[in-house]
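Below is one structure; the comments refer to it alone.
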Amino acid sequence: MTADHYFTADPDAPLRRGEIEFTVAGRDYRLAVASGVFSAGRLDPGTAVLLRKAGLPDGRAEGAFLDLGCGYGPIACVLASEAPQVTVYAVDVNSRARDLAAENAERLGLGERVLVRAPDEVPADVTFAEIWSNPPTHVGKAELHALLERWLPRLAPGGTAWLVINRNLGGDSLHTWLVGLGWTVERMASQKGFRVLRVSGKSAD
């Protein structure tokens, strides 16, 4: 159990550091983790499903990507490793998470392309070719909806958002809600109780 969650800006939990290892697309990663940050004991199962089942970018990808709720940075580090022309904004409200994400990006030689920021530090004129997120479903529906309503409109024209949602924590209802807002939503995978959703831009009115 963790005493702090995504919306804790400055975790109270005593700092206990560690490392986790995982493999994505044939690359091995070893990242620093710490208490007070989401899923510090292992790569979160939802994140693992997302990285396994969503459409990872390749060397042709360009532009800015967003890792929304980056935690200690596993998604941002994978995206930057797979797509060497992409800049990844790694965004989290949790200051400890941001410190770890920046540290991990530096350790992997990605520090110049993984820009770790608090939400309000992202320039207003930046739009994203892709948004990736394992969003914080435990904070409640209203907070989750507000988070997505803030960031999904910042997809660039033709952009794509990849979301992973626990089916038991509202994955199907979130799908329906997004469609109701006018987004095009496809369920791309369902594994281990998680839905991987591909969200693309609203059609022109």
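Between Leu79, Leu66, Leu50, which is in a strand (DSSP E or B), touching a Phe, Trp or Tyr at 6+ places or on another chain (Cβ under 7 Å) and buried (at least 23 other Cβ atoms within 10 Å of the Cβ)?
Just one listed residue meets the conditions, Leu66.
For segment 165-198, what are the residues that are in contact with a Ser or Thr (Cβ under 7 Å, 6 or more places away or on another chain), aliphatic (A, V, I, L, M) and touching a residue at least 60 places away in the same chain (Cβ under 8 Å)?
Result: Ile165, single match.
Of the conditions (1) modelled with pLDDT of 95 or more; (2) in a strand (DSSP E or B); (3) under 24 Å from Lys53 (Cβ atoms); (4) out of contact with any Asp or Glu (no Cβ under 7 Å at 6 or more places or on another chain), Leu115 satisfies every one except a single condition; which number is it?
(3)
Please go through (1) touching a residue at least 12 places away in the same chain (Cβ under 8 Å); (2) closer than 18 Å to Thr87 by Cβ; (3) in contact with a helix residue (DSSP H, G or I) (Cβ under 6 Å, 6 or more places away or on another chain) for Leu155 and return the number of the only condition it doesn't satisfy.
(3)
Out of curiosity, is Trp162 in contact (Cβ under 8 Å) with a residue 60 or more places away in the chain, within 18 Å of Leu66 (Cβ to Cβ), under 13 Å from the mean Cα position of the chain (by Cα) and in a strand (DSSP E or B)?
Details: in contact (Cβ under 8 Å) with a residue 60 or more places away in the chain: yes; within 18 Å of Leu66 (Cβ to Cβ): yes; under 13 Å from the mean Cα position of the chain (by Cα): yes; in a strand (DSSP E or B): yes.
Yes; evaluated as a whole, the condition is true for this residue.
Only one of Ala189, Ala118, Ala124, Ala142 is surrounded by 14 or more Cβ atoms within 10 Å (Cβ to Cβ) and of a type in the set (A, V, I, L, M). Can you tell me which?
Unique residue meeting the criteria: Ala189.
Could you list, in sequence order, all residues of segment 150-159 that are surrounded by fewer than 20 Cβ atoms within 10 Å (Cβ to Cβ) and more than 15 Å from the chain's Cα centre (by Cα)?
Pro153, Ala156, Pro157, Gly158
Go through segment 118-145 and give me each residue that's over 16 Å from the mean Cα position of the chain (by Cα) and at pLDDT 95 or above.
Matches in segment 118-145: Asp120, Glu121, Pro123, Ala124, Asp125, Val126.
Which residues, taken from segment 30-54, are modelled with pLDDT under 90 and either in contact with a Lys or Arg (Cβ under 9 Å, 6 or more places away or on another chain) or farther than 18 Å from Ala97 by Cα (or both)?
Ser35, Gly36, Val37, Ala40
Taking only pairs six or more apart or across chains, which ones have beta-carbon atoms under 6 Å, a first residue in segment 104-126 that is within 15 Å of Ala76 (Cα to Cα) and in contact (Cβ under 8 Å) with a residue 24 or more places away in the chain, and a second residue that is crowded, with 18+ Cβ neighbours inside 10 Å and basic (Lys, Arg)?
Pairs found: Val116/Arg98.
The values are calculated or read from the model by the stated rules, or taken from the named source; none is laboratory data. Note that the structure is predicted; figures quoted are calculated from it, not measured. Cβ coordinates were reconstructed from backbone atoms using ideal geometry, including for glycine residues, and neighbour counts include every protein chain displayed.
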